[in-house]
Structures are given as structure tokens and as C-alpha cells.
Amino acid sequence: MANITFRSPVMAKDVTLYAVAGERGSMLSLAKAHKIPIPFDCGDGECGSCLIEVTRIGEGEKMGVNMQEKEKEMLRQLGRISAAEIENAEVHDVPSRYRLACQYIVRNEDVLVCFEGDETLPAKRPAMSLAAGSYKGGLEITSVEMFLGYSIKVEEEAATHFDELGEAMENCGNTEIAKLFRQLAGYSRLHWQEAKARAGSKDVSGHMPQEHMWPRLETPEQTGLWAGDPAMSKRDALKAALQGEKNGFDFYHHIAQTARDPEIRALAKEFADEEIEHVAILERWIAGEETLLRSLEASC
Ligand code: FES
């Protein structure tokens, strides 16, 4: 019987499974059968989304393993296997520290399996929100200048919005949330600079949208929070910010899917991918905060 312990920031606590003989398929199928949330996509060693870190625990002889070429290649692309580890795997059948859960066959060996779903993994797209429907048909981006004009406006207003929220929270003494909003303002400012740099010498001023151009009369990344609430919890602030970032993703993603000009589609995709990173960061922060809150509740 193999004891397999799963650990992740997205789980409230470690979970140990006892894999009996009939259950020894892949680590991913074992995890799925027991609702352990290892991310996955292709299930076939092709996407890298099921990356896990495996540490052998307990006594007994270390078991050799024959790693498939495609798994080694994917780990190499993810920067999670060294040349020495590849040689060790090929010459001595010694498995590397990082593995793909869909390729890892569970054996009679006690192991700790850690997974994070962090930015080293291919980002999973967040589900489309209602905002996507609002933009559909409402905005047709017809030139690169127009796209950059809109992007500059979106990011500038998001940076200003988060800065205002940060200042309001500083004024009412909630320094932790103030710091968080300032950090989000910093992310938006970076995007803003990037959009301006992309515009370079192009004159995009004639393409800056007015407020009435937006379905909700405001740019998509704004959170719906305007005043400083001294009692706002970190979790609520993070959730509001997450919604803003998802709206930003929807905005760019919709353009990437619908613009006729391939250059606009490619630019929009780049911007959408960056928004995904922000969504992933916020989701991680929320999961961490919720884990902390649950452990505080449990200790009361
Ligand atoms: S799920 Fe795609 S590599 Fe494992």
C-alpha cells in the first residue's frame, strides 16, 4: 500500500490517500478520483499543466522509473528538469524531482506530492464573465492605433482607480488593504507604460474612447469600489479586484477573438495573457487568505 500525501496552497490541509493495488493508475487519475485539484488539460503529457513536485518519504529502496521522452521534453520546456536529471533518468532510471501527474504511475512507494498552479504553469483561462457579452458587438476595434488608444485608457484608469482606493484606505487607517491596492495600481501602471511604449510614435490621441463608449460607462478593469471602507476585509478587496481583472481579460480576449486584423488579434492576445497572470495572482492570494481564515476559525 502506498501512502500518497497531497499538499497545495489551494487545499486547506494536506490529504493523504492510501493507494491500493487496483488504484495504481496515473497520479492524475488518482487525484481526480479523490477530488484533489491538480490542474490538468490534455491528460497526455503535452501541455505541462499537471506539473507536480514529488518527494519520496519513508523507508525502503528507491524505485527506478522509465520516464517517457515527451515528459522529459515538457519538463525541459518548463525549466523543471536539469541536464543531470535527464541523464540520471536515462542512465539510472532515477526519476526527476518534478513530474507530470498524467504521466506519473503510482507505485508502492510513499511520496509527498506538491502542486501550486502558479505562474510557471500554462495559465488556465478564467471563465468568461458577463462583461464579455457587454463588449460583444459594442466595440469593434478596427486599427492598431485604436486598440492602443483603448488599452492606454483602460490601463491608465485602472492605475488611477487603484491609487485612489489605496489613498482612501490609507486615510481611514486600513494600511494592509491600502498596500494591496497600491500594488495593483503598480501592475496597471506597468501595463499602461507598455501600451504607451507600443504606440511609440503613432498618434493614438484621436482614438482615446470617451466614457459613453463603454457598456457600463466605465473602463473594464475598475472594480465597482469607490469609497474607502475602513472595515473592508482583505478577502473582499481581493475579490473585487479579481472581478476587475477578469473584466480586463474579457475585454482583450474578445478583441483577440473578433478583430479582423491579425496584428490587432495578436496584440490583444498578448494583453489578455498578461491579464490572465494578474487573475492567477489574485486567485492565489484569495486562496491563501481563505486558508488562513479557515485555520483561524478552527483555532477559535
Ligand atoms: S495534463 Fe497536460 S501534461 Fe498532464
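Can you pick out the pairs among 153/202; 153/239; 35/72; 13/179 whose Cα atoms lie more than 25 Å from each other?
Violating the 25 Å Cα-Cα cut-off are 35/72; 13/179.
Could you tell me the largest-minus-smallest coordinate of the C-alpha atoms of segment 241-293 on each of the three principal axes, in descending order and whole angstroms?
Projected onto its principal axes, the Cα set of segment 241-293 covers 47, 14, 11 Å.
Taking the mean number of other Cβ atoms within 10 Å as a proxy for protection, how do you rank 70-78, 278-286, 245-253 from highest to lowest? Write out the running numbers ahead of the final one.
Numbers: 70-78: 17.4, 278-286: 19.2, 245-253: 25.9.
Going from most to least packed, we get 245-253, 278-286, 70-78.
Sort 256-262, 147-153 by packing, meaning the average of other beta carbons within 10 Å per residue, with the highest value first.
On the way: 256-262: 14.4, 147-153: 23.9.
Output ranking for 256-262, 147-153: 147-153, 256-262.
Could I have the simple spin-label model distance between residue 46 and residue 116, label points 7 Å from Cα toward Cβ, reported in nm to one decimal?
2.7
Mean 1/r over all different Cα pairs, inverted: what Kirkwood radius does segment 2-114 give, in Å? Display every interim value, and only then the final one.
Working: mean 1/r = 0.0702 Å⁻¹.
After inverting the pairwise mean of 1/r, the radius is 14.3 Å.
Any read-out appearing in this document is the output of simple, stated calculations on the displayed coordinates, not a laboratory observation. Given the structure is predicted, the values throughout are model-derived calculations rather than measurements. Using ideal geometry, Cβ is built from the backbone for each residue, glycine included, and neighbour counts are taken over all protein chains shown.
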